[in-house]
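Nothing in this text is a laboratory measurement; each read-out follows from the coordinates by a stated rule. None of these values were measured; they are calculated from a predicted model. In this analysis, Cβ positions are derived from the backbone assuming ideal geometry, glycine residues included, and neighbour counts consider all displayed protein chains.
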Amino acid sequence: MPLLPKDDDSTRNSNNGVNGVNKQDSNAIPKANASPTYDTAYENGPQLSSVRASAQEKNGKSKIRDKDEAFPRISLPVELMRSSYDVVVIGSGYGGGVAASRMARGRQSVCVLERGKERWPGEFPETTVDTLKELHVSGEFAPGDRRGIPGKLVDKGKPNGLYQFVVGEGQNVFLGNGLGGTSLLNANVFLESHPDVLNMEIWPEELRGKSSWEKYYERARQVLEPVEYPISFPEIAKANLLKKQAELMGWSDKYYRVPQTTRFEDGPNSTGVYMRASQLTGMDATGINDGSKSTTLVNYMSDAWNWGAEIFCNCEIRYVTKAPEDRGGYIVYFAWHSCNRDRFTTFFDDLMWVHAKKLVFFGAGSIGTTEILLRSKQMGLDISDDLGSEMSGNGDMLGFG
Ligand SMILES: Cc1cc2nc3c(=O)[nH]c(=O)nc-3n(C[C@H](O)[C@H](O)[C@H](O)COP(=O)(O)OP(=O)(O)OC[C@H]3O[C@@H](n4cnc5c(N)ncnc54)[C@H](O)[C@@H]3O)c2cc1C
């Protein structure tokens, strides 16, 4: 295991830019004296990843993105990772994305570690063969009627593939690995919790009741920009059927078009990333190539990048320990999926690490975070014995066609 080197923060404190942009360049990243709070930052902060937007408009004309038109990347090669950051964020879905964006806006040096790869519209699999190459199935196959026969343990497919199924008794989980997490594969529906849920006593007092949440919903709304399916778009047979069913049941007043984070017009989003109007491909659950999906890649993660966060993909966190006392903070240990390193049986024995001076955010999803914390507990981190118990899911079924 490598020894921890002395703190190295010189790059962050210099005037040299991060992410290839000079900090003095007022158009690209925040002005040194801007000191935005999160509330004001969207008004005052940078609105445009200019490189990305400029790639979309040629000769003043809007054009459909070619499949092989390369996007600029926002993740860095692992070789460029520094040994120490103020904050390390694990995962890049909604949890990790929000944490990275807020911490970067709060002028912390931020390192984001994501297990999956960075993939932009145009790079998602569209054929069955390509989709199968991105599949990872792990867990214990345990069919309901197995009469005490132990399930079969499986771990097959691409370890950090885009589509992961975790199977187990009573619950199966489908999740996404990639820069953007499961937002790359979800259904884009933006709904607020029912007030009865928010009134439950289980919430800490400061989060109890709908009014405590309004400020946060508003912030998320500003970033994710949900809209209803426009009436100017083609009619959708399924939506019409649901409407008819509601009418027949006397629930017409309950039928409405849900707000969704799909884009229905071309133009830059809240972060300045140029988006395209949906072409109604229906490929939400495998990744959409038309540039209309408001994943955390194109909002929270791009925003974090705009504010100087350093993002590293193909990094699978194994566990976190407390750093030695003279150093403080935490050490985050990870395996690097690159150059086919994961084909070796010793892959998880030879770990890399990064130091978090202040905070580690666990945004690896409910399965990923629990796994990392359970392993961290085994490695000595002081964590409750209740970890991993009483988990429940929110889906009844999932179909792919
Ligand atoms: C098919 C489908 C449709 C859905 N539709 C909707 C919807 O319409 N509306 C809605 O609100 N919600 C929907 N959801 C749920 C929603 O997408 C999830 O609740 C949300 O994405 C979870 O966010 P998260 O940040 O907690 O985790 P995730 O988005 O899963 O992000 C976790 C990230 O951590 C990474 N990671 C995991 N383990 C490690 C590790 N060891 N080291 C490093 N990185 C790691 C993963 O690669 C991933 O990128 C849907 C989900 C699915 C599967």
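Points to keep in mind about this one:
- Across the cross-link table entries Lys133/Lys238; Lys357/Lys377; Lys117/Lys210, which are compared at the Cα atoms, the separations over 25 Å belong to Lys133/Lys238; Lys117/Lys210.
- Working from label points 7 Å from Cα in the Cα-to-Cβ sense, the Phe347 to Met249 distance is 4.5 nm.
- Calculated P(r) of the stretch 296-371 - Cα pairs past 19 Å, %: 49 percent
- Potential lengthening of the chain between Glu123 and Ile149 amounts to 5.2 nm, from the contour at 0.36 nm per residue minus the alpha-carbon distance.
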